[in-house]
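Following: one structure in structure tokens, then a few remarks.
Readers should treat all values here as calculations from the given coordinates under stated rules, not as data from a laboratory. What you see is a predicted model, and the numbers here were worked out from it, not measured in a lab. Cβ placement follows ideal geometry from the backbone for every residue including glycine, while neighbour counts extend to all protein chains displayed.
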Amino acid sequence: MRQRWRTSDRLTERPDHALVGVIRMPESGVGPVRSIIRRVVGALLALTAAILIVYSDRDGYRDVNGDGLSLLDCVYYATVSLSTTGYGDITPVSSSARLVNVLVITPLRVLFLIVLVGTTLEVLTERSRQALKIQKWRRKVRDHVVVIGFGTKGRSAVSALLGDGADPSRIVVVDTDKTALDAASSLGLVTVSGSGTRSDVLRVAGVSDARSVVVAANRDDTAVLVTLTARELAPKAQIVAAVREAENVHLLRQSGADSVVVSSETAGRLLGMATSTPSLVEMFEDLLTPDAGLAIGEREIEHGEVGGSPRHLSDIVLGVVRDGRLYRVDAPEVDALDPGDKLLYVRKVTPAGES
């Protein structure tokens, strides 16, 4: 089985436990100093318990000196017993002492050894925990967002999603760069290591059940191939793709992208506007930053708004979405709102911590 994975390298053929390292679930990590302190405390507690147990039944033990056990002797016996050294100069002779050794000291010895070799066991336990979390996640993940590429554009897209209140555990990042994946994992995101051009990688990321797919590749040709693959796997998902050159927009559209953002031209327009109206650029930046100030939102129209004009509402309405098509607020087709319409409007965002 292992050889077959290496030959075909199809992630979808692997069991969940073999995807540890490909899929990484978000963790609330514990620092190394804190982890070491926990282990030391655990070892000391086990040692203290053994000392108290032996000291309370010290008459049931025999010392080679024949003078009975002092507290120091109990500490010595507990230490060599838990560390499995066992010199044999102090031995349990009474039935109660031997029973306590079998039922209590031996489990404490095992616990003590577990603490001492905690690093190795922690790695094994972490892999098992990751495998269980991956299995549970793959079984339940639905209506999530898959971000393919975690460069500048991908990070900005994730920042906007998080600023708009998205649950980090419902965002999946696909990339081949370990540094990028580490950065995504530190934000609490699920990560998948692999190329977004491969269908088996996208299947592992759950693209087939995703609500939206963000294609933020560094190259236009890669973006086209990723979009084609994603659309084949997810016919109903909302696919948004970024492209550097406007001449490639039609390729993204033909590949199945619902929306295409031309990054170079958009940046160029903002640069041009900044030369004459820098405050306008600042306003655009405010609207595109969803965690404070003003932001562009979408909402269903209310019952009392049906039949009215979007230009007469209290909200600042920018457009109306009807049957999946966007109309400008002054378009004659949407002069009267119909049931089921959605409004694109400017909303006020209150920063976290403020009422």
Query raised in the report: So if we plug the beta-carbon distance of K348 and S159 into 1/(1 + (r/R0)^6) with R0 = 22 Å, what FRET efficiency do we get, rounded to 0.05?
Result: 0.65
Query raised in the report: Each residue of the range 298-308 in turn: what ³J(HN,Hα) in whole Hz from Karplus with 6.51, -1.76, 1.60 and θ = phi - 60°, glycine and Pro shown as x?
Result: 10, 8, 6, 6, 7, 4, x, 8, 5, x, x
Query - Centroid-to-centroid separation of the range 323-346 and the range 129-165 [C-alpha atoms, Å] - result: 31
Query raised in the report: How about the range 304-354: which GluC sites (Glu not before Pro) there are in a DSSP loop, with at most 12 other Cβ atoms within 10 Å of their Cβ?
Result: E354
Report summary line: Per DSSP, the loop-located GluC sites (Glu not before Pro) within the range 192-265 having at most 16 other beta carbons within 10 Å are E245
Query raised in the report: What list do you get for T48, T197, T191 if you sort them by fewest beta carbons within 10 Å?
Result: T48, T197, T191
Query raised in the report: Which whole-number percent is the relative contact order of the range 142-266 (Cα, under 8 Å, 6+ apart)?
Result: 23
